[in-house]
Amino acid sequence: MQFALTEDQLAIRDMARSFAAERIAPHALDWDERKHFPIDVMREAAALGIGGIYIKDDVGGSAMTRFDAALIFEALATGCPTVSAFISIHNMASWMIDAYGSDAQRRKWLPKLCTMELAASYCLTEPGSGSDAAALRTRAVRDGDHYVLNGQKQFISGAGAGDLYVVMVRTGGEGPGGISTLVVEADTPGLSFGANERKMGWNAQPTRAVIFENTRVPVANRLGDEGIGFKVAMAGLDGGRLNITACSLGGAQSALDKALAYMKERKAFGKRLDEFQALQFRLADMATELEAARTFLWRAAAALDRKDADATMLCAMAKRFGTDIGFEVANQALQLHGGYGYLAEYGIEKIVRDLRVHQILEGTNEIMRLIVARKLVEPGR
């Protein structure tokens, strides 16, 4: 386990941090207010290798590690957690094609996914199945060389603005063994989208339902064999949970930095706020908890890179701990701003709104506890 970053890792992190400071942070409040999806800026990030971070290099990917990805997404999130989170989802969906797709599928889609000329979305959740993902109902019936899809996905990031949808569908019986994964292109007849949801946060990316009505998708678009779709979805989520944790820590670090700057300027009772010992103790706790969560994230990312037996459990642990800590640190930063923290122009309330959903998506934190508990009590452990 490494506790110091290499020169290459420092360069990767600093590159992403500089891009976030120059191209994302100055616009984050405006994008949030206008609900603007900045795909042009994301393509600029992709030109730096961020569109396919852990995609193999034979199709244009950067072939980096999950550890590298954690550094990148935390750095990007200091500019805007919402933008960083969408790029992380795009990377997760692209990786599923890279890991489980045929050579023809990889060469067809991944070069343009790595440049983000194409944007990808991950489609698992449905109106009636969130945490109980294996209960999904979207049905794909074989009809010659096509599947005919009927059903609906819910809470899909990038829906309506993206180009490819990596969709988990039921091709067989009940339970996880009846699920397969299809790649659905945006111009497929019978594919439509719901209204852009009005959300507490994450306003710089659209969230819509994805609706299938007799949607014909070539069998050639299936990733792997029939019946492995749940495995594909869960494998994607291990990395997705690390990415969203990194986004939480980046947002929280930005909030802490804003609080520190504010407290050096603001005075009360004749003293700067950062001179009050009680507030110094609060800052110390916030910084300590962030560092603990960051260390845990690095440990889990290294385990996933090594394909350790406990990697899934560690990813769940890191996600539960890191997203809880990230939200709490951002909320404390808002409190330290007093009434100004509640005003949009200071940027703190946006971070709090953005980070709240991280405790829900990529598997709720209650489900993370369930994953950990099941691993702890399994026979033979």
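The values are calculated or read from the model by the stated rules, or taken from the named source; none is laboratory data. Computed from a predicted model, the values in this text were never measured in an experiment. Neighbour counts run over all protein chains shown; Cβ positions are idealised from the backbone, glycine included. Note: areas computed on protein heavy atoms with side chains; ligands, DNA, RNA excluded. Shrake-Rupley method; radii C 1.70, N 1.55, O 1.52, S 1.80 Å.
Here are a few things to note about the model shown:
- Residue selection: Ile228 satisfies the criterion of being in contact with a helix residue (DSSP H, G or I) (Cβ under 8 Å, 6 or more places away or on another chain) and at pLDDT 95 or above.
- Per-region count, segment 171-216, residues over 30 Å from Ala25 (Cβ atoms) and assigned to a strand (DSSP E or B): 17
- Only one of Thr245, Thr295 that is within 20 Å of Glu366 (Cβ to Cβ), open to solvent by less than 70 Å² (accessible area, probe 1.4 Å) and touching a residue at least 24 places away in the same chain (Cβ under 8 Å): Thr245
- If you go through segment 360-381 and keep only what is part of a helix (DSSP H, G or I), surrounded by fewer than 20 Cβ atoms within 10 Å (Cβ to Cβ) and either in contact (Cβ under 8 Å) with a residue 60 or more places away in the chain or not β-branched (Val, Ile, Thr) (or both), you end up with Asn365, Glu366, Ile367, Arg369, Leu370, Ala373, Arg374, Lys375, Leu376.
- Residue match in segment 309-324 (condition: more than 20 Å from the chain's Cα centre (by Cα), in contact (Cβ under 8 Å) with a residue 24 or more places away in the chain, within 21 Å of Cys80 (Cα to Cα) and open to solvent by 10 Å² or more (accessible area, probe 1.4 Å)): no
- Any chance Glu185 is charged (D, E, K, R) and farther than 29 Å from Asp40 by Cα: no
- Some residue of segment 49-66 being aromatic (Phe, Trp, Tyr) and closer than 22 Å to Ile348 by Cβ: no
- Tally of residues being assigned to a strand (DSSP E or B) and either open to solvent by 20 Å² or more (accessible area, probe 1.4 Å) or in contact with a Gly (Cβ under 6 Å, 6 or more places away or on another chain) (or both) across segment 151-170: 6
- Selection count, segment 129-150, where residues are within 25 Å of Trp202 (Cα to Cα) and in a strand (DSSP E or B): 1
- Residue list for segment 114-128, filter: of a type in the set (A, V, I, L, M, F, W, C) and in a strand (DSSP E or B): Ala120, Cys123
- Summed over segment 112-138, residues that are open to solvent by 50 Å² or more (accessible area, probe 1.4 Å) and free of Cβ contacts under 8 Å to residues at least 60 places away in the same chain total 4.
- Residues that are within 16 Å of Val148 (Cβ to Cβ) and small (Gly, Ala, Ser), drawn from segment 179-192: Ser180, Gly190, Ser192
- Among the numbered conditions (1) at positive phi; (2) not in a strand (DSSP E or B), the only one that Pro111 does not meet is (1).
- Qualifying positions in segment 269-291 - surrounded by fewer than 13 Cβ atoms within 10 Å (Cβ to Cβ) and among the basic types (Lys, Arg): Lys271
- Near pairs, Cβ below 7 angstrom, 6+ apart or cross-chain, from segment 266-283 (touching a residue at least 40 places away in the same chain (Cβ under 8 Å) and farther than 13 Å from Gln332 by Cβ) to any residue that is charged (D, E, K, R) and part of a helix (DSSP H, G or I): none
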